[in-house]
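The values are calculated or read from the model by the stated rules, or taken from the named source; none is laboratory data. The structure displayed is predicted, hence computed values, not measured ones. Heads up, the Cβs are rebuilt from the backbone with ideal geometry, glycines too, and the neighbour counts pull from every protein chain shown.
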Protein chains: 2
Amino acid sequence: MTRTGFLGPRGTWSDEALTANTGVAEADMVPLPSVPDVIMAVSSGEIEAGIVPMENALEGSVTATLDYLAFEVDNVVITREIDHPIHHKLIARTPMKLEEIERVVSMPIASAQCRKFISVRLPHAETVAAGSTAEAVRIVSESDCKCAAIGSQLAADIYGCVVLEEDIEDRSDNETRFVLLSAAPAPQDLDRPYKTSIVCTIAHDQPGSLLQILQEFAHRYVNLTKIESRPSKKGLGDYVFFIDVEGKKDDAAVAAALKCLECKLARVKMLGSYPVG
Amino acid sequence: MTRTGFLGPRGTWSDEALTANTGVAEADMVPLPSVPDVIMAVSSGEIEAGIVPMENALEGSVTATLDYLAFEVDNVVITREIDHPIHHKLIARTPMKLEEIERVVSMPIASAQCRKFISVRLPHAETVAAGSTAEAVRIVSESDCKCAAIGSQLAADIYGCVVLEEDIEDRSDNETRFVLLSAAPAPQDLDRPYKTSIVCTIAHDQPGSLLQILQEFAHRYVNLTKIESRPSKKGLGDYVFFIDVEGKKDDAAVAAALKCLECKLARVKMLGSYPVG
């Protein structure tokens, strides 16, 4: 039994990505109220695994996921990545015209992915935040105001709502990268491409450090697939870098580069070495 | 007369940063409903200048600002940067205990800066999004529900509210970098440190490109003060890079590096060369 936490309630994109891509049994699915709650529950051992959104193709990184993995837990690693297409629907309790809608209930990152649709088609609607897309649909299903939610077809089905408009995201190739988390590292023996994710903390006022990091990988022919700076939370201009490279952490070139980085940098944190999505 | 747009209504952090750091006359201040609206109004010539938040020390970049500057306008440049301290207050219409609060109205980026305070002190309060911190305070000032807003002292004063709790941000050194925008470039003749901001678009599947960009600056001894990847909105794993370097765009070393980048990269967009904040 692997109890697997996800951003609840049922019908979120995390739920959809989990059920569509893994064989987890319904009885083992544990809905939790927020992304940080999923990460903290894996860390505490309350659940064995969790799925969290990491990055959306339109909106970029999910900052709560990055910050909790980098700064709040030390025993949680990524064991797999799942790229899942995201096609938002505009959902209401009963059929209505777009002009009638007074309020759009949505998770902020979902409304950001539909920024153009909202500004052009719903310019006068008030935007109200919900903790997840499914929560937004649930709220709309229970309210008799002129309101609509942004969420998945699954959520519309679960909460007995109707879809007013299909695929309202700003670009049709919208997708989100989810990661599975566990307290135990992923097996390194699968015969498929792996990726290794780290967080590098650079000592303040060392402007050449990023170049040095990249060179450690480049001169060993290790490809970077992602680099992203985030505030270290120690003041403006002070960053940590989230870096994904191709390969397993034990591959000779990756291992050598990581060893050199550990000598040079204030901190190198391993987020996981796992099969590519 | 320089009509200057800012995220309204009166009492936002943009308002506070603008009035505290510039000599703009009250009659020239133009409140607008969103950050993209400020950028688009400068672009259309409706206003001569604007102030927008660029990056917060805790939450990182304001994605709407970056995306609109990078992708939506071609004639808007940064003319100055302003680093302004951000000390959020928990604000209500009348005095009440924290346990009584059922709803927190806030701009999502402001609630994210107060994530720990909200989860520890207001664990059962529902979070409701508003378009700005001042809008949140205005809503709370007009409602008789058990609700509180996150915003500035200025907003509490303007809307006749009381401060329930001071300085609820997760770190006391919280600050936001604002930038002034104009359709005309900043004069390059001030005798003080300058910064130059660019956006680099890398052709897909050129994993060594970022290293090459950094090298162009490094071997000319030009320091980077920021690098940040954002989705190019063309699919997962496809990025543009926002880069800030020390110096004026016409400094010999900076100009030479930019010229080489323009030869190598799909696109190099100048966001501005302006006095440091």
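Of the residues making up the range B:218-277, those that are of a type in the set (Lys, Arg) and either within 18 Å of B:VAL77 (Cβ to Cβ) or facing chain A (nearest Cβ under 9 Å) (or both) are B:LYS226, B:ARG230, B:LYS233, B:LYS234, B:LYS248, B:LYS249, B:ARG267, B:LYS269. Of all the residues in the range B:131-157, those that are among the β-branched types (Val, Ile, Thr) and modelled with pLDDT of 95 or more number 3.
The set of residues in the range A:196-217 that are closer than 29 Å to A:ILE51 by Cβ and either away from every other protein chain (no Cβ under 13 Å) or surrounded by fewer than 21 Cβ atoms within 10 Å (Cβ to Cβ) (or both) comprises A:THR196, A:SER197, A:ILE198, A:VAL199, A:THR201. I'd like to know if the range A:88-104 contains one or more residues that are touching a helix residue (DSSP H, G or I) at 6+ places or on another chain (Cβ under 6 Å), within 11 Å of chain B (Cβ to nearest Cβ) and among the hydrophobic types (A, V, I, L, M, F, W, C). No - not one qualifying residue is present in the range A:88-104.
For the range B:212-234, the candidate set comprises residues that are free of Cβ contacts under 8 Å to residues at least 12 places away in the same chain and not in a helix (DSSP H, G or I); within that set, the residue that is nearest to the chain's Cα centre (by Cα) is B:PRO231.
For B:PHE117, are the conditions met, namely being of a type in the set (Phe, Trp, Tyr), touching a strand residue (DSSP E or B) at 6+ places or on another chain (Cβ under 9 Å) and within 30 Å of A:THR133 (Cα to Cα)? So B:PHE117 fits the description; yes.
Can you say whether B:ASP244 is acidic (Asp, Glu) and either assigned to a helix (DSSP H, G or I) or more than 28 Å from A:ASP244 (Cβ to Cβ) (or both), as far as the supplied structure shows? Quick ask: steps written out before the conclusion?
Numbers: acidic (Asp, Glu): yes; either assigned to a helix (DSSP H, G or I) or more than 28 Å from A:ASP244 (Cβ to Cβ) (or both): no.
Considered against the rule, which asks whether it is acidic (Asp, Glu) and either assigned to a helix (DSSP H, G or I) or more than 28 Å from A:ASP244 (Cβ to Cβ) (or both), B:ASP244 comes out as no.
Considering only residues of the range B:137-160 that are within 14 Å of another protein chain (Cβ to nearest Cβ) and outside any helix (DSSP H, G or I), which is surrounded by the most Cβ atoms within 10 Å (Cβ to Cβ)? Among those residues, the one meeting the criterion is B:ALA149. With respect to the conditions (1) assigned to a strand (DSSP E or B); (2) closer than 20 Å to A:TYR239 by Cα; (3) at the interface with chain A (Cβ under 10 Å from one of its Cβ atoms), B:ILE82 falls short on a single one, namely (3).
Is one or more of the residues making up the range B:47-58 of a type in the set (Gly, Ala, Ser), away from chain A (no Cβ under 14 Å) and buried (at least 21 other Cβ atoms within 10 Å of the Cβ)? If you could, list the steps in order and put the result at the bottom.
As a first pass, look at the range B:47-58 and keep what is of a type in the set (Gly, Ala, Ser): B:49-50, B:57.
Filter again for away from chain A (no Cβ under 14 Å), leaving B:49-50.
Filter again for buried (at least 21 other Cβ atoms within 10 Å of the Cβ), leaving B:49-50.
Within the range B:47-58, one or more residues are of a type in the set (Gly, Ala, Ser), away from chain A (no Cβ under 14 Å) and buried (at least 21 other Cβ atoms within 10 Å of the Cβ).
Only one of these is touching a helix residue (DSSP H, G or I) at 6+ places or on another chain (Cβ under 7 Å) and modelled with pLDDT of 90 or more: A:LEU261, A:LEU224. Name it. It would help to see each step written out before you state the result.
On the way: A:LEU224 fails: modelled with pLDDT of 90 or more.
After ruling out the rest, the residue left standing is A:LEU261.
Confirm whether A:VAL104 is in the same structural domain as A:ASP144 (by TED's automatic domain parsing) and under 29 Å from A:ARG121 (Cβ atoms). Yes: the conditions hold for A:VAL104.
Considering each of A:ASP173, A:ASP167 in turn, give the residue that is on the phi > 0 side of the Ramachandran plot and either touching a residue at least 40 places away in the same chain (Cβ under 8 Å) or buried (at least 17 other Cβ atoms within 10 Å of the Cβ) (or both).
On the way: A:ASP173 fails: on the phi > 0 side of the Ramachandran plot.
Only one candidate passes the filter, namely A:ASP167.
Determine, yes or no, whether B:ALA134 is crowded, with 17+ Cβ neighbours inside 10 Å and without any contact (Cβ under 8 Å) to a residue 40 or more places away in the chain. The answer is no for B:ALA134.
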